[in-house]
1. For region 130-155, which positions are among the β-branched types (Val, Ile, Thr), surrounded by 15 or more Cβ atoms within 10 Å (Cβ to Cβ) and either more than 23 Å from residue 12 (Cα to Cα) or outside the structural domain of residue 94 (by TED's automatic domain parsing) (or both)?
2. Residue 101 fails exactly one of the following numbered conditions: (1) closer than 20 Å to residue 123 by Cα; (2) assigned to a helix (DSSP H, G or I). What is the number of that condition?
3. For residue 126, work out the one condition from (1) of a type outside the set (Asp, Glu); (2) near the ligand (Cβ under 9 Å from one of its atoms); (3) more than 22 Å from residue 161 (Cβ to Cβ); (4) not in a helix (DSSP H, G or I) it doesn't fulfil.
4. Look at residue 92 and say whether it is under 20 Å from residue 69 (Cβ atoms), surrounded by fewer than 19 Cβ atoms within 10 Å (Cβ to Cβ) and away from the ligand (no atom under 15 Å from the Cβ).
5. So, of the residues in region 244-275 that are within 15 Å of the ligand (Cβ to nearest atom) and part of a loop (DSSP other than H, G, I, E, B), which turns out to be surrounded by the fewest Cβ atoms within 10 Å (Cβ to Cβ)?
6. Looking at 80, 39, can you tell me which residue is of a type in the set (D, E, K, R) and either touching a Ser or Thr at 6+ places or on another chain (Cβ under 6 Å) or over 27 Å from residue 127 (Cα atoms) (or both)?
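The values are calculated or read from the model by the stated rules, or taken from the named source; none is laboratory data. Keep in mind the model is a prediction, meaning the values are calculated, not measured. Counting neighbours? That spans all protein chains shown, and the Cβs are built from the backbone with ideal geometry, glycine included.
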Amino acid sequence: MSLKIGVVGLGIMGRGMAINFLKHGFPVYVWNRTPSVADELVAQGATLMASPKEVASSADVIFEVTANDESSRAVWKSPDGILAGAEAKKILIASATLSVQWIDELIALCAQQGFQFCDIPLTGGRIGAETGTLTLLCGGDPTVIKGLQPVFDAIAKKVFYFGQAGRGMRYKLILNFMQALHIVGFGAAMKMAKAHHMDLEKVSEALVERPGGVITKIARDRYFNDADPISFSIEWIVKDLTYVKQYAAELDVPFLDDVLKIYSDALSHGSGHKDWASVNRLAR
Ligand SMILES: NC(=O)c1ccc[n+]([C@@H]2O[C@H](COP(=O)([O-])OP(=O)(O)OC[C@H]3O[C@@H](n4cnc5c(N)ncnc54)[C@H](OP(=O)(O)O)[C@@H]3O)[C@@H](O)[C@H]2O)c1
């Protein structure tokens with residue numbers, strides 16, 4: 001019989017994942033703070049539960065994909081939370097991007113209660129979530145991770161394993177720092193090109209060729225046009241870079257403060273719900 005999948009948090013990422021679990025024939029149990037968001041999924045066969053606790057008691061494999069440490073703590077630790085509905089045989093997964101402090105606390109809580117826990121943050125954005133082509137960044141027991149491959153096949157095209165629980169999140173924070181740096185770097189390159197009256201279409205086209213890559217392409221697309229709907233918000237990249245700062249507190253990481261300031265300024269000017277790659281449009 002097919003494993004039952006739980007998804008707690010139906011934002012851009014959780015919604016896309018739930019749709020693909022349904023497409024692949026898994027029974028899917030969902031919860032969202034704003035329940036009406038689940039209507040579309042219920043119409044496709046998902047079961048809406050009254051609490052994260054109920055998701056955990058109904059499903060075998062539970063993904064948490066809410067916003068930040070605050071929301072994650074609430075959905076794991078509250079009396080109606082995932083931990084209250086879990087048992088040793090369930091596989092509990094944190095897929096939101098969270099701080100190292102909170103993920104380590106959550107790992108310890110699960111260990112104390114004998115629960116199986118993996119941190120599996122995501123990369124691939126809205127398109128990756130909606131098309132089932134995410135990249136999964138795993139930490140946890142390698143045997144558990146290996147056994148989840150049929151579940152991963154519904155949502156991902158690539159799976160990276162970084163070691164024990166907590167390593168997936170550590171990698172994700174490094175990745176988001178580097179991606180944010182690349183987006184802001186693209187904006188700086190375009191600023192120079194503009195000041196020297198170069199053809200911005202040509203310059204950006206050439207940058208997409210080399211250095212190239214997914215992030216240069218996203219940065220170029222958003223340089224000329226806003227995203228509707230967005231893929232990943234400025235609010236959440238500020239959150240991630242803040243977690244990176246805590247994580248790297250003992251280190252002198254070049255450019256981290258600069259990148260965080262650029263995104264924080266955009267957030268404080270009311271652009272939190274804009275796409276993170278639109279930041280260069282806002283700064284022009
Ligand atoms: N979008 C991306 O490209 C991307 C890629 C990789 C990782 N991530 C990470 O994945 C997570 C979700 O991102 P997203 O883009 O899907 O965000 P989103 O669209 O803004 O969705 C956020 C989700 O969190 C829920 N939420 C917010 N505050 C809550 C609270 N206090 N209690 C319970 N639930 C709460 C929201 O519920 P409501 O519907 O009630 O507001 C919604 O389900 C974040 O940690 C993000 O950093 C995002």
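1. 144, 145 - these are the residues of region 130-155 that are among the β-branched types (Val, Ile, Thr), surrounded by 15 or more Cβ atoms within 10 Å (Cβ to Cβ) and either more than 23 Å from residue 12 (Cα to Cα) or outside the structural domain of residue 94 (by TED's automatic domain parsing) (or both).
2. Looking at each condition in turn, residue 101 falls short on (1).
3. Only one criterion is unmet by residue 126, namely (4).
4. In short, no.
5. Filtering region 244-275 for residues that are within 15 Å of the ligand (Cβ to nearest atom) and part of a loop (DSSP other than H, G, I, E, B), the one surrounded by the fewest Cβ atoms within 10 Å (Cβ to Cβ) comes out as 273.
6. Checking each option against the conditions leaves just 80.
Matching residues to (1) of a type in the set (Ser, Thr, Tyr); (2) buried (at least 20 other Cβ atoms within 10 Å of the Cβ); (3) free of Cβ contacts under 8 Å to residues at least 40 places away in the same chain:
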position	(1), (2), (3)
157	no, no, yes
160	no, no, yes
167	no, no, no
177	no, yes, no
206	no, no, yes
210	no, no, yes
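Conditions (1) under 25 Å from residue 239 (Cβ atoms); (2) hydroxyl-bearing (Ser, Thr, Tyr); (3) under 13 Å from the mean Cα position of the chain (by Cα), marked per residue:
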| site | (1), (2), (3) |
| --- | --- |
| 129 | yes, no, yes |
| 138 | yes, no, yes |
| 141 | no, no, no |
| 149 | no, no, no |
| 163 | yes, no, no |
| 168 | yes, no, yes |
| 178 | yes, no, no |
